[in-house]
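A.B. asks: Structure below; questions to follow.
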Amino acid sequence: MTVTLDAAEVAALGPVAAVAAVREALAGGLDPDGGGVPRTVVPLAHGQGLLMPAEYGGWYGVKVATVAPGNPARGLRRINATYLLHDSATLTPVALLDGVALTALRTPAVSVAACLERLRALAARYGGLRLVVFGAGPQGEGHVAAVRAHVPVADVTVVTRRGGAVPGWADRHPAAGDRGVAAAVRRAQVVVTATSACEPVLDGRLLSDEAVVLAVGSHEPDVREVDGALMGRATVLVESRETALREAGDVVLAVREGALDPDLLVTLADLIDGGAVAPADRPLVVKTCGMGWQDLVVAVAAHRRKEGTPVERR
C-alpha cells in the first residue's frame, strides 16, 4: 500500500532529523561522486521539468519537479514537485510525498550538515550568530530555521531587491541597495544566498575570514550568486566535484576566471567521513545544487517517522 505524506507531514520531520539523515548517510558510506544519476533537465514551453532519481540503502526514489518562471505573476508557485519512494528490493511504491515540502526541508539540511561543526564553534564564540539572508522565499526561511534548530541565532537580516515587510523569521528587511546591507554582511557570521539571481548578490570582499556562506540559489553552469573574489579566498565545499563542475555556476565561472582551483574543492564526504578540516581562518562557502540522494535519505526519514519506524542516529 502506498501512503501519502502531505506538506505538513513532510515538514514534521523537522530540520534536526533531516540534518541527521544527511550526515548518517554520508557517515555510512554514501558517496555522492559514486555513480549517482545526474539530474535530467527537460526544456518545456513555459519553464523546465526536472527528474531526480536515486537509489541507496534499500530504497529507490524519484522527484519530479517543474520550474515555471512566469508563475509568481499568476499568484502561483514557481516550483512544484512530487516525490515517489519505492522499496528497492521489490520496486513497489511505498510512499508519495509532497516534493515542494521535501525540497524546502532537505536543501537547508544539506547546508547545515556540511558546516555544523563550524556553526557550533562560531556560536560558542559569539553566543548567538548574526545571519544575512539574500532572498525571502522558502529556502531563505528554511535555512534560518535549520540554523536556529542547531545553534543560537542573535539576529537575522533578510535582503531582497526592493525590501519590504519584515517576515516573522527575520529582524529587518532592507532592499539590496540600502546603505546598511554592506555593514550587515561585514558583521555576519552566516550569509545565505537563496535567490533566482544570475549575477552575484554580494561583494565577496566584505565577508570576514570566519564567515560561512550557504549558496543554494542556482543549479546552472552560467549563473551564480557568489563572486570569484569570495570563491578565490574561501574553502569551497560542494556535494560532489562532478556535480559542481557540471551544474554550479558559482564554481564553474570562478574556475573559468582562474579564481578557483578545482582540485581544491572539498566534498561533503571528505568533510563528514573523510576527516578533512576546513581552516577556521578562511571563509567557508557551501555551494549546493541539489542531488537525488539528498531527497531520498530525507524522504526515507520522513516516511519512517510517519510509519513509526525508529531511525538510528549517529
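A.B. asks: Would you calculate the separation in nanometres between label points at Glu257 and Arg125, each defined as 7 Å from the Cα along the Cα-to-beta-carbon direction?
C.D. replies: Simple spin-label model gives 2.5 nm for this pair.
A.B. asks: Net charge near Val156: determine it from the other residues with C-beta under 14 Å of the C-beta of Val156, scoring Lys and Arg +1 and Asp and Glu -1.
C.D. replies: +1
A.B. asks: Roughly how far apart, in whole Å, are the Cα centres of segment 263-306 and segment 117-164?
C.D. replies: Centre-to-centre (Cα) distance: 18 Å.
A.B. asks: Let me ask something additional. Just to confirm the number: angle between the C-alpha axis of helix 99-126 and the first principal axis of the chain, 0 to 90 degrees, nearest 10?
C.D. replies: Tilt of helix 99-126: around 50 degrees.
A.B. asks: Calculate what fraction, in whole %, of the accessible area of segment 1-40 sits on carbon and sulfur atoms when a 1.4 Å probe is rolled over the protein chains.
C.D. replies: Within segment 1-40, the accessible surface is 58 percent carbon and sulfur.
A.B. asks: Out of all DSSP beta bridges with both ends in the chain, state the antiparallel percent to the nearest 5.
C.D. replies: 50
A.B. asks: Accessible area per residue, 1.4 Å probe, Å², for segment 1-101: what's the number?
C.D. replies: 49
A.B. asks: Determine how large the accessible area of Met231 is when every protein chain is in place; take a 1.4 Å probe and give Å² rounded to the nearest 10.
C.D. replies: 0
A.B. asks: Can you give the FRET efficiency for Leu245 and Ala176, using 1/(1 + (r/R0)^6), R0 = 35 Å, r = Cβ-Cβ distance, to the nearest 0.05?
C.D. replies: 0.75
A.B. asks: Any idea of Lys287's accessible area? Nearest 10 Å², probe 1.4 Å.
C.D. replies: 0
A.B. asks: Mind checking the full-extension length gain between Val166 and Val3? Use 0.36 nm per residue of separation minus the Cα-Cα distance, one decimal, nm.
C.D. replies: 54.9 nm
The values are calculated or read from the model by the stated rules, or taken from the named source; none is laboratory data. Model, not experiment: these values are computed from the prediction. Ideal geometry is used to build each Cβ from the backbone, glycine not excepted, and the neighbour counts take in all protein chains shown. SASA here: full protein model, heavy atoms, side chains in, ligands and nucleic acids out. Shrake-Rupley method; radii C 1.70, N 1.55, O 1.52, S 1.80 Å.
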